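Notes to accompany the following structure.
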Amino acid sequence: MTILEKITSYKKQEVFARKMAFPLSLLKQSKLYNRECFSMAKNVSEGSGIIAEHKRRSPSKSVINEKVLVPEVVIGYEKAGVSAISILTDTKFFGGSLDDLLVARAHVNIPLLRKDFIIDPYQIHEAKAYGADAILLIAACLDEKQLKEYSEIAKQLGMDVLLEIHNEAELKRSLHPTVDLLGVNNRNLKTFEVSLEASKRLSTLMPDTYVKISESGISSVDAINELKPFGFKGFLIGERFMKTENPGESAEHFINALS
Ligand SMILES: O=C(O)c1ccccc1NCC(=O)[C@H](O)[C@H](O)COP(=O)(O)O
């Protein structure tokens, strides 16, 4: 079983339990459910392009940082000038939660991405109810019909959609008009190896109508300078910032060094 299969299989049980405990009708009564979202696509295209992630641990690295508090991290990221913040809400594999998203929403006024493994429309409504401005859809977890349907639901709720791909076949079935940002994950989810070559290779096949994002394994300003000529406008960075004592300060130094 691959890590993605393990995660999505667990996710199905988890989502089923949450739906029972907190039905969609209740989610829709959340104050945040009707708020107007910030546009992640716009902020990424017009700003520094850095999407900084709150990430406590991961299947590839185990513990990254379980000490820093969400407000400290997100306020630091906003002050640093990031274009958006990615909040990992998966608990079992990444140590995050929907409460992290809620806390982040209460402290910053920039786009928040709900970073999770979405396998059910309920999670899209949940993202909105907990303060997200955008959701991640992973092509490897969904078929073409689901990609279309789920991105349409997110747009109806006023959220942006970041669609993540790993290869050409996934790219071909992901090109829906309801997708705003197309992201290449540089991490091979079978071996956990990261290589920027994945982004470079797929960049030529990605239509310019989407904001191009390179995700994972970005650890230096040199890497950003290497990716920009391939049309990438956004860079999703987790571990590089989170492994430090002060992720916000670390993001600030990084952004100040960008040309
Ligand atoms: O990070 C992992 O180990 C991982 C394993 C399996 C599925 C997804 C995984 N990561 C999710 C992400 O997309 C990253 O957290 C994100 O791109 C930031 O990556 P990094 O800068 O390398 O922390």
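Rule-based calculations on the coordinates, nothing more; no lab input. On a predicted model such as this, the values are computed, not experimentally measured, just so you know. Here the Cβ is made from the backbone with ideal geometry for all residues, glycine too, and neighbour counts use every protein chain on show.
Quick notes on this one:
- Short-range pairs are left out: with C-alpha atoms under 8 Å and at least six residues apart, the relative contact order of the chain is 22 percent.
- FRET efficiency for the pair ASN188 and GLN156, taken as 1/(1 + (r/R0)^6) with r the Cβ-Cβ distance and R0 = 41 Å, rounds to 0.75.
- Relative intensity of the stretch 154-259 on a log10 scale, I(q)/I(0) at q = 0.12, 0.16, 0.23 Å⁻¹, equals -0.43, -0.75, -1.24, per a Debye sum over C-alpha point scatterers of equal strength in the absence of solvent.
- Diffusion constant of the stretch 3-131 at 20 °C, which comes from Stokes-Einstein with the Kirkwood Cα-pair radius and 1.002 mPa s, µm²/s: 139
- Expressed to the nearest 5 percent, the antiparallel share of DSSP beta bridges inside the chain is 10 percent.
- Take every Cα pair under 8 Å whose residues are at least 6 apart in sequence, average their separation, divide by the length of the stretch 103-145, and the relative contact order is 45 percent.
- Within the chain: Cβ-based charge dipole about Cα centre, in debye rounded to nearest 20 (Lys, Arg +1; Asp, Glu -1): 460
- FRET efficiency for GLU168 and GLU226, using Cβ-Cβ distance with R0 set to 30 Å, rounded to 0.05: 0.90
- The ranking of LYS12, LYS31 from fewest to most other beta carbons within 10 Å of each one's beta carbon is LYS31, LYS12.
- Karplus-derived 3J(HN,Hα) values for the stretch 130-145, using 6.51 cos²θ - 1.76 cosθ + 1.60 with θ = phi - 60°, are 9, x, 6, 9, 8, 10, 9, 10, 9, 4, 5, 9, 9, 8, 4, 5 Hz; glycine and proline are entered as x.
- Taking 0.36 nm per residue of separation and subtracting the Cα-Cα distance, full extension of the segment from GLU245 to LYS79 would add 58.1 nm.
- By other beta-carbon atoms within 10 Å, ranking HIS253, HIS54, HIS125 with the fewest at the front produces HIS253, HIS125, HIS54.
- Comparing LEU171, LEU181, LEU88 in a Gaussian network model of the chain (Cα springs below 10 Å), the most mobile by mean-square fluctuation is LEU171.
- Furthest towards positive pole of dipole, THR89, ALA104, ALA198, structure part the stretch 58-207, Cβ charges: ALA198
- Net length gained if the chain between LYS28 and ASP143 were fully extended (0.36 nm per residue, minus Cα distance): 38.8 nm
- Between the listed residues LEU32, GLY47, ALA21, the Cα displaced farthest toward the positive end of the dipole of the stretch 1-65, a dipole computed from Cβ unit charges relative to the Cα centre, is found at ALA21.
- Per residue, the convex hull spanned by the Cα atoms of the chain measures out at 113 cubic angstrom.
- As a rough footprinting exposure proxy, the listed residues ASP99, ASP116 were ranked by other beta carbons within 10 Å of their own, and the order from fewest upward is ASP99, ASP116.
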